[in-house]
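The structure appears below as structure tokens.
Any read-out appearing in this document is the output of simple, stated calculations on the displayed coordinates, not a laboratory observation. Note that the coordinates shown come from a computational prediction; the quantities given were computed from them, not determined experimentally. Using ideal geometry, Cβ is built from the backbone for each residue, glycine included, and neighbour counts are taken over all protein chains shown.
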Amino acid sequence: MWMKMKNSRNPFVNAIYLGLRDWNVLAARATRPQFWFFVLAVVIFSSVAQLIAFLLDLPFVALIGFGPFSFVVFLVSIALVAPSVSITVRRLHDAGSSPAWAWVGLGVSLLVWPIIGVGFFLLLGALFAANEAVVLIGLGLIWSASLIALGFGIFLLVLLMKPSSPLDSKYGPAPVTQPAPPAQPELPKPATPNPDATASPTGEDPGPATESAHDR
């Protein structure tokens, strides 16, 4: 299967292969199609795997209170962090942007989610204790962390949507694009005879030509 992915001409399959193969490669470039195809594959895999794991874990949760399949999916998701960060760094290289934004995004993700978790914990605890001040603190943590994640996410999305830089860099040559086919010259249309050219100015039929002196 791995060799089939390597030799595949399908851009979607090729992007998955390159993303997994170069999971630890940072000093390179990744084009816009390669990056977004890989992101699409990760999103599809995560969604489908979590749904299947949830359905398979139903009897286990009822018996032992633990879902082993969901835990396996969680471990695979953790393993996909490394290739996801690597291809993000390569995409920023290709777009001519600083790769530091990928590490800032990783730091924001590691910081925001714990803050949101603490906010939910305070919010639930305050609801049971009927403490309005703690409720406001929990909501404030959740909203502030969410706004930070949303703002930086939009900024990083704009950088990742930029086209490839047309210049070579230390991370690799510029991607080769297929040249547009040359325009075909338009051939002149053949002239059509004008039927009115032989008509007399008065619009009457000129009739047969007069007999010449030689024909007499």
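A compact table of results
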| item | result |
| --- | --- |
| For Ser164, distant residues with modelled amide H under 5 Å away | Arg32 |
| Modelled FRET efficiency - R0 45 Å, Ala27 with Leu75, Cβ distances, 0.05 increments | 0.95 |
| Sequence ranges 29-38, 47-56, ranked by mean other-Cβ count within 10 angstrom, highest first | 29-38, 47-56 |
| Label-point gap, in nm, between Val13 and Ala82 - each point 7 angstrom along Cα→Cβ | 2.6 nm |
| Cα centre as origin, Lys/Arg/Asp/Glu Cβ charges: region 1-72 dipole, Debye | 460 debye |
| Evaluated at q = 0.12, 0.21 Å⁻¹: base-10 log I(q)/I(0), Debye formula over Cα of region 97-174 | -0.50, -0.90 |
| Nearest-0.05 FRET efficiency for Met3 and Leu110, computed from C-beta distance (R0 35 Å) | 0.45 |
| Least to most buried among Asp94, Asp168, Asp22 (fewest other Cβ within 10 Å first) | Asp168, Asp22, Asp94 |
| Rounded Å value of the spacing that divides the Cα centres of region 156-173 and region 48-89 | 33 Å |
| Per-peptide average of other Cβ atoms within 10 Å, ordering 98-109, 9-20 highest first | 9-20, 98-109 |
| Derived scalar couplings ³J(HN,Hα) [region 137-142; Karplus, 6.51 cos²θ - 1.76 cosθ + 1.60; whole Hz; x for Gly, Pro] | 5, x, 5, x, 5, 5 |
| Ratio Rg/Rh [Cα only; Rh per Kirkwood] for region 45-112 | 1.19 |
| Segment Trp36-Phe155, extension gain: residue separation times 0.36 nm, minus the distance between their alpha carbons | 41.2 nm |
| In Hz, Karplus ³J(HN,Hα) per residue of region 40-46 (6.51, -1.76, 1.60; θ = phi - 60°; x = Gly, Pro) | 4, 5, 5, 5, 5, 4, 5 |
| Computed E for Phe120/Leu63 - FRET, C-beta separation, R0 30 angstrom, nearest 0.05 | 0.60 |
| Convex hull per residue volume in Å³, alpha carbons only, for region 1-95 | 96 Å³ |
